[in-house]
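Okay, structure first, notes after.
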Amino acid sequence: SGESSQIITSGEQIGVFYGKVWLGFDENGISQFKEEILGTDTIEAIEIIGSPLPSFSYGITNHLSYKQFDLSFLFNGVGGNDVFNNTDNATLAKSNAATNGNTAIDKLNNGESFENPTQFSSRFIENGSFLRLNYVTLGYNFDLSNATWVKNLRVYATVSNPLVITNYK
């Protein structure tokens, strides 16, 4: 929709989310936003509504072996960051259903009007924290001590990103 979602400003983390503070829907299903008074005018407040930068990141890797088997894995994650869910904002909006477009089932009964315009706001800022299992490798090393044509033979299987734990939709 051409709206800015982030800002670089003095005294704040780089790229913080900057926009309207969503308060919910009114009785007609139209989005309501926090307001502020400027002189004699009342306008929708624009303020910092989240940070994409994590407060911390972490990870653990290990390589275990038992007899001829070995197992390697890597977990990593971040915490304390926010994510703008533009898919929810632009693609899954309830107004899409009114024009034969796609929407999410939970949008059909959330009190929102089909006429509610989609716009960037704190409504679509979500907790971006996650824990991910990046990979797991299981291997088997064959005993080839009596072989003359090869010294080592290892067969293994790796799975990438088999698990992600997050509250992000």
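Points worth noting:
- Residue count, the range 128-146 (criterion: β-branched (V, I, T) and out of contact with any strand residue (DSSP E or B) (no Cβ under 7 Å at 6 or more places or on another chain)): 0
- Taken together, the residues in the range 147-166 that are in a loop (DSSP other than H, G, I, E, B) and loosely packed, with under 10 Cβ neighbours inside 10 Å amount to 5.
- Flag if L74 is among the aliphatic types (A, V, I, L, M), touching a residue at least 12 places away in the same chain (Cβ under 8 Å) and farther than 26 Å from S5 by Cα: yes
- Residues in the range 1-11 that are open to solvent by 90 Å² or more (accessible area, probe 1.4 Å), within 22 Å of the chain's Cα centre (by Cα) and farther than 18 Å from E126 by Cα: S1, I8.
- Here the condition is being open to solvent by 90 Å² or more (accessible area, probe 1.4 Å) and closer than 15 Å to Q119 by Cβ; of L23, L38, it holds for L23 alone.
- Residue within the range 137-146 that is among the polar types (S, T, N, Q), part of a strand (DSSP E or B), closer than 30 Å to L74 by Cβ and open to solvent by less than 50 Å² (accessible area, probe 1.4 Å) present: yes
- Residue match in the range 113-124 (condition: out of contact with any helix residue (DSSP H, G or I) (no Cβ under 8 Å at 6 or more places or on another chain), open to solvent by 90 Å² or more (accessible area, probe 1.4 Å) and either free of Cβ contacts under 8 Å to residues at least 12 places away in the same chain or closer than 30 Å to L53 by Cβ (or both)): no
- The range 41-53, subset more than 24 Å from D88 (Cα to Cα) and open to solvent by 70 Å² or more (accessible area, probe 1.4 Å), residue farthest from the chain's Cα centre (by Cα): D41
The values are calculated or read from the model by the stated rules, or taken from the named source; none is laboratory data. Worth saying up front: this structure is predicted, and the values here are computed from it rather than measured. So basically every Cβ, Gly included, is an ideal-geometry build from the backbone, and we count neighbours across all protein chains shown. With ligands, DNA and RNA removed, areas are computed over all heavy atoms of the protein, side chains included. Shrake-Rupley method; radii C 1.70, N 1.55, O 1.52, S 1.80 Å.
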